[in-house]
Amino acid sequence: MNGAARPARERIQRTLLLAVGIGAIIFGLLLASGSSGFLRQIDQLHAPLGVLTVVVGVIVPASYPLLSRVLPIRPLLLIAGWTSMVFMAIQIAWPLMMKEPLLADDATPWTQGINAIHATAAAIAWPRIAGWVYPLVQGPVVAFTQMQVRDDAALEATLDGLGAIIYCLILCGVSIAMISAGDRQDAAAVHAREQAALEASRRTREAEQTRINAIVHDDVMSVLLAASRPTPPDSLAEQARHAIASVDSLVSGRTETRDYDPEEFVAVIRSTASAADPAIPVRYAVEGDLPLPAGVVAAFAEATAEALRNALGHGGPDCEPRVECDVDDGSARVVVTDHGSGFAASRVSQRRLGIRVSILERMRTVAGGDADVESTPGVGTTVSLTWSRA
């Protein structure tokens, strides 16, 4: 039995069991009366076996619509799977449970009218092989049981057995096909998430290295320019130490773990915007001097880059994106806005991973990080990236 927590598969299994439960209620009402109904046949079975057949055959599966909404998937499948197996045992043992050798009025066991419900439940709850074997076994079980409890009914019993196989196979085949489709959807989702994570990691490493190189370039050039002046400034020695530290961090491979002071953070955002399009204006404000963790800076840079790529790629030729960056000792905020074509969030496919993975989830992977995307068709889009220090 497979109770794995896979979203699409689980949703399909719950929906199918809901349908099975509704079917059990309908079949139960239809099979209540008549010579082949359970109300007439309960008294023809040894007590309390007659009541047991009704509980297992109708009452338990009729509860699936409720259970599918309140139970976790694994216990739900356990109930459905084992109920179908117990029902099979009841079918096989039916002649032994009877008080008399034959059913009254040449009737057939009422359970044979609801066997497709339990075959479908078995296909939903048990592994695929059981989903195919269960309906195939219905043929000989139905035929053998009828021959035991009815007089001179070999031909009818054989035909009923063949009919049971065909009917159950159709329902089980549809259920198995739907569950398999759910498995493929889950596998595709896992693959997409893995690919998105790999792509995000690759982009982060490349962007991080590019940003560090740009920062080092600025530090080194500022030191060289200052040193070339006839009268070097008093801060030249400190600038030189800072440039050497930047180069050392790059060479030693510690570039992904060191903290960034607010000015460096702003430089990272400006470099990210410039890499997307040198014409993008960047407004910034810095208050305070507490450094920002490298992971936070990387998340901001990756999400900002994705927001700008979306604006330039989908906003139209006149979208005019711009970036605002504010940082202080307690928080940091980057806002990317454009006046492009915009979009309706409800019409964006879940398969589009850019906004969900590279912006929203990217910022939310860091402690204190968050993101929000607001867009109006024909007006533009605003992407807000925020981080608060713990």
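In sequence order, segment 261-271 has phi-based couplings of 6, x, 5, 5, 4, 4, 4, 5, 5, 5, 5 Hz under the Karplus curve 6.51 cos²θ - 1.76 cosθ + 1.60, θ = phi - 60°, and Gly or Pro positions carry x.
Phi angles of segment 22-33 translate, via the Karplus equation with coefficients 6.51, -1.76, 1.60 and θ = phi - 60°, into HN-Hα couplings of 5, x, 4, 5, 5, 5, x, 5, 5, 9, 6, 10 Hz per residue; Gly and Pro are given as x. Gain on full extension, evaluated as 0.36 nm per residue between residue 229 and residue 11 minus their Cα-Cα distance, stands at 71.4 nm.
Rounded to the nearest Hz, the phi-derived 3J(HN,Hα) couplings of segment 42-57 under the Karplus curve 6.51 cos²θ - 1.76 cosθ + 1.60 (θ = phi - 60°) are 4, 6, 8, 10, 4, 5, x, 5, x, 5, 4, 4, 6, 4, 6, x, where x marks glycine and proline.
From the Kirkwood radius over Cα pairs of segment 20-159, Stokes-Einstein at 10 °C and 1.306 mPa s returns a whole-number translational diffusion coefficient of 104 µm²/s. Close amide H contacts of residue 292 (hydrogens built in the peptide plane, cut-off under 5 Å, sequence separation of 5 or more or a different chain): 260, 261.
A short reminder: the numbers here are calculations on the coordinates, not readings from a lab. It should be emphasised that the depicted structure is a prediction, and the values quoted were computed from it without experimental measurement.
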